Amino acid sequence: MCPLFLIYGGILIKDLRINDEIRAKQVRLIDENGNQVGIVDLNRALDMAYDSKLDLVLMSPKAKPPVTRIMDYGKFKYDQEKKEKENRKKQKNAQLKETRFSLNIEDNDLQTKANQSMKFLNNGDKVKVSIRFRGRELGRKEPGYELMDKFKTMLGDSYKVSKKPKMEGRSLVMFLEPNDEKGE
């Protein structure tokens, strides 16, 4: 009996029961062309599969009766692996980059931080913008919110705010992510 899951090259592939591993007495059969044959005995389905020199594959074991299909199982598995590999290639894992500055930052330094954050956003990464408050600066948080608004205007409209500015401990934190429209 084959395992239900197979790890191949770091890919988790669901193995299906084939041919003699199928235990049901009657199955709903789909032939190699995709046409539904109907409900048949397992032995007749196996004979049809062997006659066409293909495998009988249990596609849906929980159905009543279980659904089987006549196909080339090796080719099917190869195609599944290929699709999963392609999907992983297309997947972009966005990283979280952080831009930190203090409340009394100069305009040119703020512009430099904005340019760096713009590069992160253009690469598809998320950006965490944080302003650190020290000592008496914690008494007045309004200048921090004003500085955050100034920073947002420097970035332009190439982003969207995923989490609005909020105090977390001694820092005012905001999360930005790239616009989806740019990728289309």
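Taken together, the values in this text are just the output of simple stated rules run on the coordinates, not laboratory data. Owing to the predicted nature of the structure, the values given are computational and were not obtained by experimental measurement. Heads up, the Cβs are rebuilt from the backbone with ideal geometry, glycines too, and the neighbour counts pull from every protein chain shown.
Structure summary
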{"quantity": "Percent RCO, i.e. relative contact order, over the range 88-165, from Cα pairs under 8 Å lying at least 6 residues apart", "calculated": "38"}
{"quantity": "Contact order normalised by residue count of the chain, Cα under 8 Å, 6+ apart, percent", "calculated": "14"}
{"quantity": "Share, in percent, of DSSP beta bridges within the chain that are antiparallel, nearest 5", "calculated": "75"}
{"quantity": "Within the chain: Cβ-based charge dipole about Cα centre, in debye rounded to nearest 20 (Lys, Arg +1; Asp, Glu -1)", "calculated": "820"}
{"quantity": "Given charges at Cβ of Lys, Arg, Asp, Glu: the chain dipole, positive-most of Met148, Asn104, Pro178", "calculated": "Asn104"}
{"quantity": "Violating pairs (Cα-Cα greater than 29 angstrom) within the set Lys90/Lys126; Lys82/Lys128; Lys89/Lys160; Lys141/Lys163; Lys77/Lys97; Lys89/Lys119", "calculated": "Lys82/Lys128; Lys77/Lys97"}
{"quantity": "Neighbour cut-off at most 15 other Cβ (10 Å), DSSP loop, trypsin sites (Lys or Arg not before Pro), the range 62-118", "calculated": "Lys62, Lys92"}
{"quantity": "About the Cα centre, charge dipole magnitude for the range 105-184 (Lys/Arg +1, Asp/Glu -1 at Cβ), debye", "calculated": "480"}
{"quantity": "Helical contribution to [θ] at 222 nm, DSSP H n ≥ 4, -39,500 (n - 2.57), averaged over the chain, rounded to 500", "calculated": "-10000 deg cm²/dmol"}
{"quantity": "Restricting the range 58-133 to GluC sites (Glu not before Pro) in coil, as DSSP defines it, with at most 14 other Cβ within 10 Å", "calculated": "Glu106"}
{"quantity": "Only Lys, Arg (+1) and Asp, Glu (-1) charged, at Cβ; the range 19-89 dipole about Cα centre in debye", "calculated": "420"}
